[in-house]
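Trainee: Below is one structure. I have some questions about it.
FYI, it's all coordinate maths here, none of it is from the lab. Remember, it's a predicted structure, so these values are computed and weren't measured experimentally. Note that each Cβ is placed from the backbone with ideal geometry, even for glycine, and that neighbours are counted across all protein chains shown.
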Amino acid sequence: MKNKYYVFGFILLIIGLSFGIFLYYNSTLKNESDTILKLNTVSTGSTSNGGVQIELTPKKISLGKLEVEIVMNTHSVDLSRFNLKEITMLEYEGKQLMPYSAPNLMGHHISGTLIFEVMDNELDSFRIVILGIPKVEKRIFEWEVIG
């Protein structure tokens with residue numbers, strides 16, 4: 001009877017160790033594939049009559065996807081007529097890419113994430129251009145990744 005408890009305990013120990021190794025390995029892979037970007041928020045425009053303020057903050061690159069937080073505020077412009085997937089462009093190393101994913105615009109206060117598919121997790125410098133949103137027809141947001 002005692003041997004059954006030892007065998008059961010040994011099996012539980014093996015399962016626990018296996019689970020611990022899996023969790024450690026999984027978290028290590030995730031950390032290695034994520035590049036957290038510590039870049040400043042860049043803002044253009046204002047919320048004055050007929051204007052839109054847009055703020056972009058690059059957050060991370062994970063598994064070949066650049067994630068950029070976007071915040072838009074206005075008091076007088078109907079943002080639902082704009083499609084960020086059609087008017088936004090990422091430019092880096094001579095490449096121009098439209099967003100893979102972008103928030104739908106509705107209302108006067110929007111926040112969400114722009115996602116671009118990039119070739120790798122390393123960008124030295126890049127810029128995002130947004131066209132056609134009043135009162136600034138061409139908005140350019142630029143960053144240089146240092147270190």
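Trainee: State whether one or more residues within the range 67-80 are touching a Phe, Trp or Tyr at 6+ places or on another chain (Cβ under 8 Å) and on the phi < 0 side of the Ramachandran plot.
Mentor: Initially, the range 67-80 is screened for residues touching a Phe, Trp or Tyr at 6+ places or on another chain (Cβ under 8 Å), giving 68.
Within this subset, residues satisfying the condition of being on the phi < 0 side of the Ramachandran plot are 68.
Yes, the range 67-80 contains at least one residue that is touching a Phe, Trp or Tyr at 6+ places or on another chain (Cβ under 8 Å) and on the phi < 0 side of the Ramachandran plot.
Trainee: Only residues that are within 21 Å of Asn40 (Cβ to Cβ), of a type in the set (A, V, I, L, M, F, W, C) and assigned to a loop (DSSP other than H, G, I, E, B): list them for the range 103-138, please.
Mentor: Val118, Leu123
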